[in-house]
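Participant: Have a look at this one before I ask anything.
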Amino acid sequence: MDDKLDVPLEDAELLAEVELTTNLIIAASESDEVLDQDEVDRLLGVEHPSIPAQKVRDL
């Protein structure tokens, strides 16, 4: 008989989020200055897509 309440109590996405948050907290606590946005993005694994320059229209 299958016990529907016998489920793993591990949430991979939550664990990954906790790890990112922990890394950010550690970096902030070890820094003498406020972390700039680029450093926060690096710690969180955020990639900035390159945005192509838009041509300005002559009016």
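Participant: Assigned to a helix (DSSP H, G or I) and either surrounded by 10 or more Cβ atoms within 10 Å (Cβ to Cβ) or modelled with pLDDT under 90 (or both): is that true of residue 40 in this structure?
Facilitator: It is true that residue 40 is assigned to a helix (DSSP H, G or I) and either surrounded by 10 or more Cβ atoms within 10 Å (Cβ to Cβ) or modelled with pLDDT under 90 (or both).
Participant: Would a scan of the range 7-20 turn up a residue that is at pLDDT 80 or above, loosely packed, with under 10 Cβ neighbours inside 10 Å, assigned to a loop (DSSP other than H, G, I, E, B) and over 14 Å from the mean Cα position of the chain (by Cα)?
Facilitator: Scanning the range 7-20 turns up at least one residue that is at pLDDT 80 or above, loosely packed, with under 10 Cβ neighbours inside 10 Å, assigned to a loop (DSSP other than H, G, I, E, B) and over 14 Å from the mean Cα position of the chain (by Cα).
The values are calculated or read from the model by the stated rules, or taken from the named source; none is laboratory data. Just so it is clear, the structure is predicted and the values come from calculations on it, not from any experiment. Positions of Cβ are backbone-derived with ideal geometry, glycine not excepted, and every protein chain shown enters the neighbour counts.
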